[in-house]
1. Determine which single condition B:Pro220 fails, assuming it passes every other condition in (1) within 15 Å of the chain's Cα centre (by Cα); (2) within 14 Å of chain A (Cβ to nearest Cβ).
2. Filter region B:223-247 for residues that are within 14 Å of chain A (Cβ to nearest Cβ) and either of a type in the set (Lys, Arg) or at positive phi (or both) and give the result.
3. Can you tell me which residues in region B:127-170 are over 24 Å from A:Val296 (Cβ atoms) and facing another protein chain (nearest Cβ under 8 Å)?
4. Would you mind listing the helices (runs of 4 or more DSSP H) fully within region A:225-314 where at least 1 residues are modelled with pLDDT of 80 or more and of a type in the set (Val, Ile, Thr)?
5. Tally time: how many residues in region A:245-277 are more than 10 Å from chain B (Cβ to nearest Cβ) and surrounded by fewer than 19 Cβ atoms within 10 Å (Cβ to Cβ)?
6. Can you name every residue in region A:103-158 that is small (Gly, Ala, Ser), within 14 Å of another protein chain (Cβ to nearest Cβ) and surrounded by fewer than 22 Cβ atoms within 10 Å (Cβ to Cβ)?
7. For region A:20-47, name all the residues that are part of a helix (DSSP H, G or I) and within 16 Å of A:Met61 (Cα to Cα).
Amino acid sequence: MISYAVTRLLQAIPVLFLTSLIVFFFIRLVPGDPAVTMAGQNGTPQQIEAMRHRWGLDKPMVTQYLIWIGGVAHGDFGDAYGTQTPVSTVILQRIPATLHLAIGTLLVIVVFGTPIGVFTALRPNHPLSRIVAFGNALALATPTFWLGILLILFFAVWLRLLPPSGYISITENPILAIRNLILPCVTLGTAGAAVLSRFLKSSISEVLGSDFIRTAQAKGLRNRAIVVRHVLKVALLPVITVMAIQFGYLLGGAVVTESIFGWPGIGRLILDSISNGEYLVVQGTMLVFVATFIVVNVLADVTYALLNPRIRYRH
Amino acid sequence: MMSTLDEQMCERTIPLKAGAERERSPFARMLRRLARDPGGVFGLTVLTALIVIAILAPLIAPHDPYELGADLPFAQPSLLHLFGTDNLGRDELSRVIFGARISLAVSVFAGLMALVLAMPLGLSSGFAGGWIDSVVTRVFDTIFAFPGILLGVGLMAVLGANLTNVVIAVAIINVPTLGRLVRGAVIAQRNEDYVEAARSIGATPIWVVTRHVVPNILPPVLVQMTLVMTETVLLEAAFSFLGLGNRPPTPSWGTMLSEGRNFLGSAWWLGFFPGVAITVMVLGLNALGDALRIALNPRGA
């Protein structure tokens, strides 16, 4: 099992390497010269040249890449041009806000998606199940940012129940923090909840039709016991994979959601850094994003394998 | 050449419904099945309506979408302006109608471009295998490792914010999804008897792939194309919303929402109607995709 996890992580290395190459050369194609920006509006050519030299931007591209990737291997992502603070610090400062958003969103997905999925699978002909099917289709067709706008309009502008934007850390003031979290997390989590409930429904229905469930019914087990002990145990397995995929969407969706709700997280950091020509911040953040995504996927695969005997014994 | 596809389809359907469906082309058969599915009818209706609206926009729109001060700014929805007016007094309904042009054009062009890029990559990697397959798969994995929006934001920053570049960025984002599907479908077909038969009479690999394999993998590709177009509509709107795509004053649904969000307190309609338009379009495309999947795979999922 450990060797399986290690193999999967090793396979991720070429992807990460390619990612670093793409990110590095890509950001240098963006119009604009950071040295000119740093020297300021009245910067003389000498000052611009000095800036270029100071940050190693006058070296050949390949040398710049090797210096950067060598640092990354040691955990040094370089310094941000503007504030001259280490990029790792800049990223770390933004992580708590995005983490709040990510955990809250996963909660929304699980808390809404699971019961709805289980219910619609067990009672496919119930009128509520038809409403849910329509609701899911609607949730998947609604753009994230429009859902955000609608929620702000309804709950912040009209009802004045919740704040329209802003982030407060949960350690600072738990109640205010949660009030601020509700709208962004529901915005980001609605589509995910729909995906999860659809997936659970088909996964449970499939298990319900299998032979061992008929056996359980034949030996006189009560329905509740069958569902809890047999069906859910098997049907919940694929949920892990779905959640891992959702995590990827969540990272991307965070860029838009953070922009609507004025959320000081990683997504906003990337948007701002691209427009400010902060090469090293963009490179570092993108790499962290992709690495996180890969690690989450490997973790999901390993958990899946651990819980699924058919795969567990093969390794 | 269509005979290969025809025979395949007949082999599937005729034993079940002896001779019930004997139209000449698979396309006509597909349309007939779609027409029997409520989701298919809904999807086709939405798509047709959108195409008509987009083409006839200047004739349908009650006002000029660029005309400043067609009425007072922030006029509430009324009989004169069904969707109200925006902060510059432009008629919102007319702007939504003209916005259909952008959403439709971007999704069609980006979808086609993704297909043109993904087909050769997926076909060659699936059919040839070996190092070509390894390289192509790695490249797909890498593009796939970036969350779509993020990749798009990066691409738009490099290419510059305009609609042509939105098409390019959105196409690139969708290449791995489509390419992987093509690759998988080709691998499933690679060992079929008809491929071996064609090869045994001396057909070159390129001939086998283009003449025999491609017609057989078209159904799943067609279904996936509707999903790609859905994704495209949502991405275009998101880019325009973030100010990376369409530029004002051209009306795009994403741009309109982005402007409307600043006036939520005074003019809710500006943050509402363009979103309805996007959602209806995506709902229609999704319904069409689901119905196509069923219509093209009569043996059921």
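The values are calculated or read from the model by the stated rules, or taken from the named source; none is laboratory data. It should be emphasised that the depicted structure is a prediction, and the values quoted were computed from it without experimental measurement. Methodologically, a virtual Cβ is constructed for each residue, glycine included, from the backbone with ideal geometry; neighbour enumeration extends over all protein chains shown.
1. (2)
2. B:Gly243 - this is the single residue of region B:223-247 that is within 14 Å of chain A (Cβ to nearest Cβ) and either of a type in the set (Lys, Arg) or at positive phi (or both).
3. B:Ala157, B:Val158, B:Gly160
4. A:237-260, A:266-276, A:279-307
5. Number of matching residues: 5.
6. Result: A:Ala133, A:Gly135, A:Ala137, A:Ala139, A:Ala156.
7. A:Ser20, A:Leu21, A:Ile22, A:Val23, A:Phe24, A:Phe25, A:Phe26, A:Ile27, A:Pro34, A:Ala35
For (1) closer than 24 Å to A:Pro164 by Cβ; (2) more than 10 Å from chain A (Cβ to nearest Cβ); (3) part of a helix (DSSP H, G or I), each residue gets a yes or a no:
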| position | (1), (2), (3) |
| --- | --- |
| B:Ala203 | no, yes, no |
| B:Asn262 | yes, yes, yes |
| B:Pro274 | yes, no, yes |
| B:Ile294 | no, yes, yes |
